[in-house]
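Chemist: Here it is, the structure, as structure tokens.
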């Protein structure tokens, strides 16, 4: 399992004062050097945080950009030009503070088929950010996605252990179906240093994309340390799975 670090909030802080710092590009390198596998940026239509030049530089300099984006013609054109390592299609509303809910792939499979063909031609892998809903998993496969990213917000926001258990079961079922139809699985949204472990011990997840909790923690410990601490939790869960499977000796 790997960690992708979303650095949108670094850009939010920069833009709050209209400065040129803190630099999202610098943040990308710090995260990668600390053990992140990818850097995630969401290039929104209103450019409220990450900007065009940010994604151009991060993509060209690191070759490790996962670009979150709406399925909008202008953003698709930019993505095809800058050649990120991967793109994750997400729903987008101007009024939202952060992405709310998953993409409804089922509603327009043909549209996503055509978009995915464009990216496949450029050897850019694609992911659909969806709820842990079996119909949406099937639709993502029909739509030609390489990955799904399971929206873990409902799990993260539940307060009781019983409610979290129900959400974990939904996520597990979605992962299992994705494996059967040969879709790779990422996960993200609302995950932090306390709630990620119970997701990370599930089999079948390739990468976690986490932003707010890491950037918040970095205010007190530094970005490099914050990334290393999250990587350590993910790797400890991976070790636990291997040990349970008998692949690691005591």
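Chemist: In the list 175, 148, which residue meets the criterion of being at pLDDT 95 or above, in contact with a strand residue (DSSP E or B) (Cβ under 6 Å, 6 or more places away or on another chain) and either more than 25 Å from residue 231 (Cβ to Cβ) or crowded, with 24+ Cβ neighbours inside 10 Å (or both)?
Modeler: The conditions single out 148.
Chemist: Give all pairs with beta carbons closer than 6 Å in which a residue from the stretch 1-25 that is buried (at least 16 other Cβ atoms within 10 Å of the Cβ) meets a residue that is modelled with pLDDT under 95 and part of a helix (DSSP H, G or I); count only pairs at least 6 apart in sequence or on separate chains.
Modeler: 1/238
Chemist: Out of curiosity, is residue 48 at negative phi, part of a loop (DSSP other than H, G, I, E, B) and surrounded by fewer than 22 Cβ atoms within 10 Å (Cβ to Cβ)?
Modeler: yes
Chemist: Does the stretch 32-42 contain any residue that is under 27 Å from residue 108 (Cα atoms), in contact with a strand residue (DSSP E or B) (Cβ under 9 Å, 6 or more places away or on another chain), at pLDDT below 95 and surrounded by 14 or more Cβ atoms within 10 Å (Cβ to Cβ)?
Modeler: no
Chemist: For the stretch 157-215, give me the residue count where each residue is closer than 18 Å to residue 40 by Cβ, out of contact with any helix residue (DSSP H, G or I) (no Cβ under 9 Å at 6 or more places or on another chain) and part of a loop (DSSP other than H, G, I, E, B).
Modeler: 1
Chemist: Taking the condition of being outside any loop (DSSP other than H, G, I, E, B) and within 19 Å of residue 4 (Cβ to Cβ), how many residues in the stretch 14-41 meet it?
Modeler: 14
Chemist: Right, another one. Report, by residue number, each residue of the stretch 151-171 that is surrounded by fewer than 18 Cβ atoms within 10 Å (Cβ to Cβ) and modelled with pLDDT of 95 or more.
Modeler: Within the stretch 151-171, 169, 170 meet the criteria.
Chemist: Considering (1) in contact with a strand residue (DSSP E or B) (Cβ under 6 Å, 6 or more places away or on another chain); (2) in a helix (DSSP H, G or I), say which one residue 135 fails and leave the rest.
Modeler: Of (1) in contact with a strand residue (DSSP E or B) (Cβ under 6 Å, 6 or more places away or on another chain); (2) in a helix (DSSP H, G or I), only one is false for residue 135: (1).
Chemist: I'm trying to understand the selection: among the residues of the stretch 53-73, which are closer than 21 Å to residue 32 by Cβ, without any contact (Cβ under 8 Å) to a residue 40 or more places away in the chain and under 19 Å from the mean Cα position of the chain (by Cα)?
Modeler: 55, 56, 58, 59, 62, 63, 64, 65, 67, 69
The values are calculated or read from the model by the stated rules, or taken from the named source; none is laboratory data. This structure is a prediction, so every number in the text was calculated from the model and none was measured. Neighbour counts are summed over all protein chains in view; Cβ atoms, including those assigned to glycine, are modelled from backbone coordinates with ideal geometry.
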